[in-house]
Amino acid sequence: MEHTEITFSKFGKSFQENLVQLVVEQRTFADQIEEVLDIEFLEFKYLRTLVKKIFEYKEKYKTHPSYQNLVTIFKSELDNESEILRNQMKEYIIRISKSKVDGEEYIKDTALDFCKKQKLKEAMIKSISLLQQSSFDEISSVIDEALRLGSDNDYGYEWIKDFEERFQIKARNPISTGWSELDRICKKGLGKGELGVVIAPTGVGKSMVLTHLGSAAIKNGKNVVHYTLELMDTTIASRYDSCITGIELNDLMDKKDEIYENIKEINGQLIIKEYPAKRATVKTLKNHLEKIAKKGNDIDMIVVDYADLLRPTVSYKEKRTELESIYEELRSLAYDFACPIWTASQTNRGGLDAEVITMSSISEAFSKCFVADFIFSVSRTMIDKAKNSGRIFIAKNRNGPDGIVFPIFMDTSNVKIRVLPENKNIFNEQKMTAGESRKLLREKYAEYMNTKNGSNVT
């Protein structure tokens, strides 16, 4: 078989570079495609050389090389290669270490399909000679083996083999909250597939907090899809204008040109989609996101303002069960699109005048606490509002500490929110509250498990 006639050339250079980047970054995919990939399918020598070194490393050490391993290989094993090739590989490794692959699933599916078809073709050619020998059992074996190659062989996350992965921040692709204090405790922001929830009473500023989170992402060059279920899309857009430019909401109409000059050079994109309250389901959002993706637009972060106003895909007798299902579906949506989702939840009456709102104040379905990865509350009494102050309480943090109270400055006139350094005095006063919250969480979980089987779908 002439390999020179069979390459990825029709898919282009960018496709091949992205494919190799996935081989570099994802052990499970590398294991899968290694079974069917002929290195000669790659047009460019620097890509062939890199993949060859990865496969050799895997064979020798029974593990996947990290970026640092690749740098070591580059320095120690490429002396005999040309300077041009070494420079190409160096430039490529540096470039992919700072970027992510667009259209990951398409590249995986396309590459695997191409390679598997070549293996099947080879098996069919081999079967011709076997047919002449009437070796039907062997023909069946050859074909079956070809069909098996390149199948999903991901056994799950392997604690030792995947050791390096859990120390690479890039694996989560976190998006900054825009607040250094919060980024510090949640490993640089909310990561792909993670769900973040903002808890606050009505009128405190849940929507503005979500707008701040979206704005922080946009300013960092990320593409955000913001769903509004309570306010008009133009209202949300104006809040983004104010948050990003610092111009007060009341002055926006008089400073149109100034606003445009401030936002036109921002690399991140924003799509705002309005749905009436209780009209849209998570499935509705998914269909809309798929349309955006089909147009070739990347989706880096999703904001749902807010989840309690979504309609459940399936109706249940109890509202708490409906809310639970909504948050579970949102978590799945974050996983499907490999990006973080931020949303908000209303507190019950106990949170209206609370100095610090804990998870005990979450309205209706306490089970949403089990689904979310990161939960923080925003507390603002009447005195706080007059002084543009308040508090953020870290109620849940899968990637770091919780039970922490941060003072905040919050000016709703221009969506300006600053998180100040941790208040140790407040923290000490609230330590028991954080402990009580975790105790309450366990109690609520036990209660939830006891009653879940009794919930009926209607």
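The values are calculated or read from the model by the stated rules, or taken from the named source; none is laboratory data. Computed from a predicted model, the values in this text were never measured in an experiment. As a convention, Cβ positions derive from the backbone with ideal geometry for all residues, glycine included, and neighbour counts pool all protein chains shown.
Side notes on the structure shown:
- Counting only helices (runs of 4 or more DSSP H) that sit wholly inside the stretch 83-201, those with at least 1 residues that are at pLDDT below 90 and farther than 24 Å from K10 by Cα are 83-96, 104-132, 136-148.
- Only a single criterion out of (1) under 23 Å from the mean Cα position of the chain (by Cα); (2) under 25 Å from G178 (Cα atoms) is not satisfied by K286, namely (2).
Condition check ((1) surrounded by fewer than 16 Cβ atoms within 10 Å (Cβ to Cβ); (2) in contact with a Ser or Thr (Cβ under 6 Å, 6 or more places away or on another chain); (3) assigned by TED's automatic domain parsing to the domain that holds Y227; (4) of a type in the set (D, E, K, R)) across all residues:
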residue	(1), (2), (3), (4)
D241	no, no, yes, yes
Y260	yes, no, yes, no
R279	yes, no, yes, yes
D300	no, no, yes, yes
D336	yes, no, yes, yes
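- Scanning the stretch 202-221 for residues that are in contact with an Asp or Glu (Cβ under 7 Å, 6 or more places away or on another chain) and at pLDDT 95 or above yields L210, A217.
- Exclusive hit being part of a helix (DSSP H, G or I), over 12 Å from L285 (Cα atoms) and either at pLDDT 90 or above or not basic (K, R) (or both), set E324, E329: E324
- When T49, T72, T63 are checked against the criterion of being more than 20 Å from K117 (Cβ to Cβ), in contact (Cβ under 8 Å) with a residue 24 or more places away in the chain, assigned to a helix (DSSP H, G or I) and among the hydroxyl-bearing types (S, T, Y), a single residue qualifies: T49.
- Entirely in the stretch 335-441, the strands (runs of 3 or more DSSP E) that have 1 or more residues that are at pLDDT 90 or above and basic (K, R): 389-397, 416-419
- If you go through the stretch 294-321 and pick out every residue that is in contact (Cβ under 8 Å) with a residue 40 or more places away in the chain and not in a loop (DSSP other than H, G, I, E, B), you end up with 12.
- Residue, nearest to T63 (Cα to Cα), within the stretch 26-46, restricted to residues that are part of a helix (DSSP H, G or I) and without any contact (Cβ under 8 Å) to a residue 60 or more places away in the chain: A30
- Scan of the stretch 232-260 for residues that are of a type in the set (D, E, K, R) and part of a helix (DSSP H, G or I), ordered by number: D233, R239, D241, D251, D254, K255, K256, D257, E258
- The stretch 265-283: number of residues that are modelled with pLDDT of 95 or more and among the polar types (S, T, N, Q): 0
- Where G268 falls short, out of the listed (1) part of a loop (DSSP other than H, G, I, E, B); (2) in contact with a helix residue (DSSP H, G or I) (Cβ under 6 Å, 6 or more places away or on another chain); (3) within 19 Å of A280 (Cα to Cα): (3)
- S325 being among the hydroxyl-bearing types (S, T, Y) and in contact with an Asp or Glu (Cβ under 9 Å, 6 or more places away or on another chain): no
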